[in-house]
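What follows draws every value from the coordinates through simple rules; no lab data is involved. Bear in mind that the values here come from a model prediction, so they are computed numbers and not experimental data.
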Amino acid sequence: MASPGDRLHTRVVHAGSPPFEDGVAPVNVPVVRTSTVRFASEAVRASLHHRREAGEPVSMYGRHGMATHRALEAAIGELEGASDVLLAPSGLSAISLVFIALLSPGDHVLVQDGVYGPVRERVEPLLTRLGVSFSYFSASDGVPAALLRAETRLIYAESPSSFLYEVIDLPALAAFAREHSVLLAADNTWGAGLLYQPLALGADIAVQATTKYLGGHSDLMQGAVSTSNPQLARTLRDTHDALGLSVGADGASLALRGIRTLAVRLAQHGRNALEVARYLQSECSAVARVFYPALPEDPGHALWRRDFKGANGLVSFALRQASREQASAFVDALRLFGIGASWGGYESLALVAPQSRLREHSYWRGSEPVVRLHVGLEDPVDLIGDLRQAFRHVLQ
C-alpha cells in the first residue's frame, strides 16, 4: 500500500487503516468486541504482558481495547501530533484522568477561569477533598505569575474558552510553565486537533471530548487524552488502568468514522457559522455583542489567526436589554435549531447560557443573557431565516 501524504487532512483519513492480508483489506477497521483475549501459548501471553508493562498499548484483556481502539488512537495521535493516546468513556472522564493522574495531596493547580463548567463543579470538589488546592486565572491577564506557588504542579487551560471563546496565548503560557517546571494541559475540544494543536504550541497534554466534532453525529460519548511525553504517558496510563477506564469497540468505530470526514465537516461548520455571526452583528437592535474569534472585531482574533487553522460552528451572542425569560422565549421560537446542551454534531442547536457559568468568566463583563448556537450543516440561509423570525416574534 502506498504511504499516506504528508498533510494532516490526508493522514487522518488513512491513519489506522487495516493492513492487507492475503492481498485484500477492508476500508474500515473491523469492530472487534471482546472481553477475553486468547493467547496461542503461555510464552506469547508472557511476552505481551512484558510489552504492556513497558508501556506499549497491547491488549491483554478486553478493557485494554483491540484493533478498533488501536486504529482510533492512531488517528487521534495524527490529529494531536501525539505519540500516546488514551481513550476514556467521556470528555469529563478524560479531564478527570489528567487531574487525578498528575496531582497529589498538597499540590496546587492553576485553572483558566473560562474552562468547561464541570471542571469547577465536579473535578474541583473531588480534588479538594483529596487535598489539592485550586486557583483560577484570566487568559486576558497573560501568564498567571502572581498566582504561582511552590507547590503548583499543573496549569489547565481551554482555548477558546467555554461559551464565550476567549483565546489564550498558549505559547506564552507554555513558556511560563516550562520556566517553572509546571505541566500544562489544554482542552482541545473546540479545535478538535484539526484546527488547533496545543502540543505543537508547547502544551504537555491535550484533552478532547471526542463526543463532539470527532464523533460528529451526536451518537457517541467519549474522550481522549494525548501526549508525546513518554514519562507522562506512563503516569497517565497507570492511572487510566487503575480507574478501569474503557471504551466499547462500537464507540471507537463511530469516532473513527467521524474522523474520516472531520475536515470537510469542520470546514462547512466554519463557513456557516461565520455567515451566521455576521448576520448577528447586523442585528444591532437586538444583539449587544457576538462572540466568535473568526470575526475581525473579536478581541481574540489576532491570536486566533496566529495559532488556529480555522473556526468551528460555535457562536454566542448577548441579547441587548432582554430578560432571561425573553432569551428563553427566543430559543423556544427557533424552528431549525434544536435545544441541546452538547454540540459538534451535524445539527444546529441553541441554548441559553447559564448565568452561573458566565459569572465564572472574567472575560464576561455584562448582565445580558447570552445565547449559544452550534451552527450545523444546514443551509446558512435557512438558519439565518430561522433566527430572523425568532427575533421578529420575540424581541422586536
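Structure notes:
- Length-normalised contact order for the stretch 263-395 - Cα pairs under 8 Å, 6+ apart - percent: 30 percent
- Axis of helix 249-260 versus longest Cα principal axis of the chain: the two differ by about 60°, to the nearest ten degrees.
- Nearest-ten-degree value, helix 262-282 long axis tilted from longest Cα axis of the chain: 10 degrees
- Subtracting the Cα-Cα distance of His49 and Gln355 from 0.36 nm times their residue separation leaves 105.1 nm of extension gain.
- Working note: Karplus 6.51/-1.76/1.60 with θ = phi - 60° gives the stretch 204-211 the couplings 8, 9, 10, 10, 9, 8, 5, 3 Hz, where Gly and Pro are set to x.
- Built from the Cα atoms of the stretch 308-366, the convex hull projects on average onto 5.4 nm², one quarter of its surface area.
- Taking Cα atoms only, the orientation of helix 67-80 departs from the longest principal axis of the chain by about 50 degrees.
- With one equal scatterer per alpha carbon and no solvent term, the Debye-computed log10 I(q)/I(0) for the stretch 1-140 at 0.09, 0.12 1/Å reads -0.44, -0.73.
- For the chain, convex hull of alpha carbons as volume per residue, Å³: 145 Å³
- Taking a ≥ b ≥ c as the square roots of the Cα gyration tensor eigenvalues, the stretch 263-395 comes out oblate, since a/c reaches at least 1.5 and a/b does not exceed b/c.
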